[in-house]
Amino acid sequence: MAAPTPPADDADRTAEQQRLSLEKKRERYVWYYLAYFLFGIHIVAFVMIYAVRHGK
């Protein structure tokens, strides 16, 4: 007969799931920051192009 899983094993599994969940959340935030950064660079570039083309 199989012995029941010890509580430490359940705790390890729970801790690992929490760590993976946090890692996934942080990775999502990194992608959000990257997207906002790239969007901002393009806005600045368009404003600079406008300024150069319309400056006298």
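What follows draws every value from the coordinates through simple rules; no lab data is involved. All of these numbers come straight from a predicted model, not from anything done at the bench.
Averaged over every viewing direction, what's the projected area of the C-alpha convex hull for the chain? Give it in nm², one decimal, please.
Values: hull surface 18.9 nm².
Over all viewing directions, the chain projects a mean Cα-hull area of 4.7 nm².
Calculate for the chain the 222 nm mean residue ellipticity that helices alone would give, adding -39,500 (n - 2.57) per DSSP H run of length 4 or more and normalising by residue count, nearest 500 deg cm²/dmol.
On the way: 1 runs with 48 residues, N = 56.
After summing the helix terms and dividing by the residues of the chain, the value is -32000 deg cm²/dmol.
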